Structures are given as structure tokens and as C-alpha cells.
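A.B. asks: Attaching a single structure in C-alpha cells format; questions to follow.
The values are calculated or read from the model by the stated rules, or taken from the named source; none is laboratory data. Computed from a predicted model, the values in this text were never measured in an experiment. Cβ sites come from the backbone with ideal geometry, for glycine too, and all protein chains shown count toward neighbours.
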């Protein structure tokens, strides 16, 4: 009887071990192709986490002497729009002035005071996995914290939970030309960010000075894509300990634990077999195509434009989609806040290039709800803004463009300036693409709206 009990106990232990992500003795060892299949899955799953961390590292790499950055738990209030020299994130928005903060919620909540404004002013809270955890667009006092925090908040403070200890707060405040900058500055000055303990003690808070390291000067996406397998996977393994994966990630985490990827695990490159360096490079070279092919499943046609719909900004288990958006547009909003139609071809299907001149024609302008706005922005092949002699990177609803007599609008897309530059959007020498941003889109009206078309002159 005792022997039977011991046998049953051993069987139960073995079963539980298998269920916890350990490979059972009865299972065959993974062959090299199986390993690389899991490597691909794990890379796509963890890429947004690694890119978020690299972006945080660059954005907080300052001792106070560098503008455009701020230490952890402090605001960086941008004082001008992004330009061609901007390299912190791809496809930067040039419609709004940004205020950003990288928060670490491991110790205590952070208090944020959102001012009352006369314009679009929205705080997007992204978790470490690039999901939009919350939006704040109403005036008030908010405590940003993790679900695990169990303290008591002062009266009048609204709790906002974010599932990870790392939080990227992006505040977009719409701007109506350079003459409007002082008004935006006034709004920024009313924003407050401080630890809960300082808020409770009267709001007197002196933010600590950060540090600067030359080794943390890099383009975040290039930094991540240049990592070796060991560097990448052990980095994300450590990050997952501080920024818990979502409960729905459990099946995939169990699967990739077989190659040493998961919270607190150690990745051993020896499992990669021969030609590991070559196969790793091949995987990275095919990454964009792999993600683009998967992203088609989430795309929506808008004339010759394509935009990505739900679950953008709140991805769930759509890991390929999440990685694709991180690669081409880190920090994307959910569709109720904004949509981002893109095109890289003219109406005939030919690729847009600065070797030609085009007309972008609007029959009617994009439909937006009250407080919404729209823009057309040009980007080069690397997804950055295009240098040009008049420092114009977009045309939007606040631009001083000239309509046609019938109310339609024509925008000139060319490398060289036309005689009349009021409707000119400069483009690059080589291939380029356009993003149309529609903030607070009227989705009902969008179904019947005739989107703009691009024709070669």
C-alpha cells in the first residue's frame, strides 16, 4: 500500500512539474528547428518590452543638462515640435506638444494633477508592454499605481491602476502654430507629478537629479535590434520580473520557458545549435516582413490608405500585432482616441518617391468629433521626419493652406519647392510614406467619407 502511495505521489510531482513549464522526462528533447521556432515566438512576444526599456533608458539619461529628457518620475516638457533631428521614437507626432514622464511605481504611487484646458490635452498611460492602461483627459488629481498597492488615498484623489511598475506617461497638447506656444507652456506649468508621500505632506517636493552615461546614447530601436540572443533574452527575463506578464500570457510563457525565456529564467545560447549567429541575423532581417504579413489581419482600407484598428493600443494576446506597432509607431493610441491611416503608394499603386511630384486631393476634410483634429505627415524610409528648407513636416487643420474655389484641398508632395509653398508638403529624395492622423475620429461619418487620393503630376 505504501509503495502504491509513493508511486502515486511521484506521478503527481512529475505531472505538476510538467504543468509548471518544465519539460518532462518522457518528452523528446527539442531539435534545432523547434528551438528556433520558439526563439521567433519569444522574440516577437518580448520585443515591445525590450523596446520600452531602451526608450526609457535613453529618455531618462540626463543629469539635468540635456533638454528633451528627464529623470525617472519627472516631467519632460517639450518646448517645441519634433523636427528632422528627432530620433527618440519613430513616426513622431508634429501636431502636438508632448509632455512625458517615465514612472517607477515599485515604491509608491505617483500623484498627477491634470489641468483644466481649452483644447485637446490627453494623458496616455502605457504599461511596459506598450498597452494603453488608462487615459486621463479630465481635470483632477490622480494617483497612478499598481493593482498590488493597498494604501489609502487622500479625499478627492482618483486611483488609476497600471499593471506594471514601469509606466510611460505621454501627454499630447494640441498646438495651433508657434504663436500658440505660450498658451501650451501655461498648461504645462499647471501639470504636477510627485510621489504620494510628498503630496500628503503638502506638495513640497524637490525631484532628485538624474545621471548621464554616454553608453546610454543610442537610437532605441537600433539598440534592441543589435542585441545578441543572450543579451536580448536575459534582458527581457529580468524585465519580466519587474513588469509582470499578463495572466493571458501564461500558455505562451509555458511554451517558451523550454528555451529559458520567462520571468527570472536564464537563457543559454548553446541551445541554438550551429550557425546561430547567421540564423539570428536572418530572423531579424525577416522581422519586418513577418510582422507586416500578420498585421494585415488587423488592417482596414480607407480608399488607398490603410489604418490599423482594434486591438491597437490594447493588444491582449495579439503578439505579432503588438510587436509590429512597437516597431513602426511606439506609443500608439486606441482607435477611440486616434486612427493613423498610412499610404506609401499613389492611386495607381506605384510607390511614392521624391523623384516625382504628386497632388494629394481632398474632396472633404477628415471627420472629427468636437475637440478633434487631423494632419498629414511625411516620413522617410526609416520612419523619421524629413529635413527640408522650410522646416515643414506636416499639413494639418491649423495650417494656413489655400483651398480651391469649390472647397476642395490640394496638397503638393515634392522634394523641390513649388512656386507657391502654402500647400507644399516636402518629401525625401528616395521613397517616402504618409500618415494621416485623425484625433477623436467620427467613426460613424468615416464610413461615408471620401478619403484623399494621391496622383502624380
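For every residue, the table says whether it meets (1) surrounded by fewer than 22 Cβ atoms within 10 Å (Cβ to Cβ); (2) without any contact (Cβ under 8 Å) to a residue 60 or more places away in the chain; (3) touching a strand residue (DSSP E or B) at 6+ places or on another chain (Cβ under 7 Å).
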| position | (1), (2), (3) |
| --- | --- |
| 334 | yes, no, yes |
| 343 | no, no, yes |
| 354 | yes, no, no |
| 364 | yes, no, no |
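A.B. asks: Can you name the number of the only condition in (1) assigned to a loop (DSSP other than H, G, I, E, B); (2) surrounded by 20 or more Cβ atoms within 10 Å (Cβ to Cβ); (3) without any contact (Cβ under 8 Å) to a residue 40 or more places away in the chain that residue 150 fails?
C.D. replies: In the conditions (1) assigned to a loop (DSSP other than H, G, I, E, B); (2) surrounded by 20 or more Cβ atoms within 10 Å (Cβ to Cβ); (3) without any contact (Cβ under 8 Å) to a residue 40 or more places away in the chain, residue 150 misses (2) alone.
A.B. asks: Quick check on this structure: which one of 93, 122 is in a strand (DSSP E or B), within 23 Å of the chain's Cα centre (by Cα) and either modelled with pLDDT of 95 or more or under 26 Å from residue 372 (Cα atoms) (or both)? Before the answer, list the steps.
C.D. replies: Details: 93 fails: in a strand (DSSP E or B).
Only one candidate passes the filter, namely 122.
A.B. asks: OK, next. Has the range 200-220 got any residue that is in a helix (DSSP H, G or I) and surrounded by 19 or more Cβ atoms within 10 Å (Cβ to Cβ)?
C.D. replies: Of all residues in the range 200-220, those in a helix (DSSP H, G or I) come to 200, 214-216, 220.
Next, from what is left, pick out any that are surrounded by 19 or more Cβ atoms within 10 Å (Cβ to Cβ): 220.
Within the range 200-220 (the criterion being in a helix (DSSP H, G or I) and surrounded by 19 or more Cβ atoms within 10 Å (Cβ to Cβ)), the answer is yes, since at least one residue qualifies.
A.B. asks: Only one of 404, 388, 420, 383 is surrounded by 13 or more Cβ atoms within 10 Å (Cβ to Cβ) and over 21 Å from residue 300 (Cα atoms). Can you tell me which?
C.D. replies: Working: 404 fails: surrounded by 13 or more Cβ atoms within 10 Å (Cβ to Cβ); 420 fails: surrounded by 13 or more Cβ atoms within 10 Å (Cβ to Cβ); 383 fails: over 21 Å from residue 300 (Cα atoms).
Every option except 388 fails the conditions.
A.B. asks: OK, next. Only one residue in 198, 165 is in contact with a helix residue (DSSP H, G or I) (Cβ under 6 Å, 6 or more places away or on another chain) and modelled with pLDDT of 95 or more, so which one is that?
C.D. replies: Numbers: 198 fails: in contact with a helix residue (DSSP H, G or I) (Cβ under 6 Å, 6 or more places away or on another chain).
Just a single option satisfies the conditions, and that option is 165.
A.B. asks: Next up: Looking only at the range 90-107, which residues are buried (at least 16 other Cβ atoms within 10 Å of the Cβ) and closer than 25 Å to residue 145 by Cα?
C.D. replies: Taking the range 90-107 as the starting set, the residues that turn out to be buried (at least 16 other Cβ atoms within 10 Å of the Cβ) are 90-103, 105.
Of everything in the range 90-107, those that are buried (at least 16 other Cβ atoms within 10 Å of the Cβ) and closer than 25 Å to residue 145 by Cα turn out to be 98, 99, 100, 101, 102, 103, 105.
A.B. asks: Can you tell me how many residues in the range 125-143 are part of a loop (DSSP other than H, G, I, E, B), in contact (Cβ under 8 Å) with a residue 60 or more places away in the chain and touching a strand residue (DSSP E or B) at 6+ places or on another chain (Cβ under 6 Å)? Reasoning before the result, please.
C.D. replies: Kept after step one, since they are part of a loop (DSSP other than H, G, I, E, B), are these residues of the range 125-143: 127-131, 137-139.
Restricting the remaining residues to those that are in contact (Cβ under 8 Å) with a residue 60 or more places away in the chain gives 127-131.
Those left that are additionally touching a strand residue (DSSP E or B) at 6+ places or on another chain (Cβ under 6 Å): 127-128.
Qualifying residue count, the range 125-143: 2.
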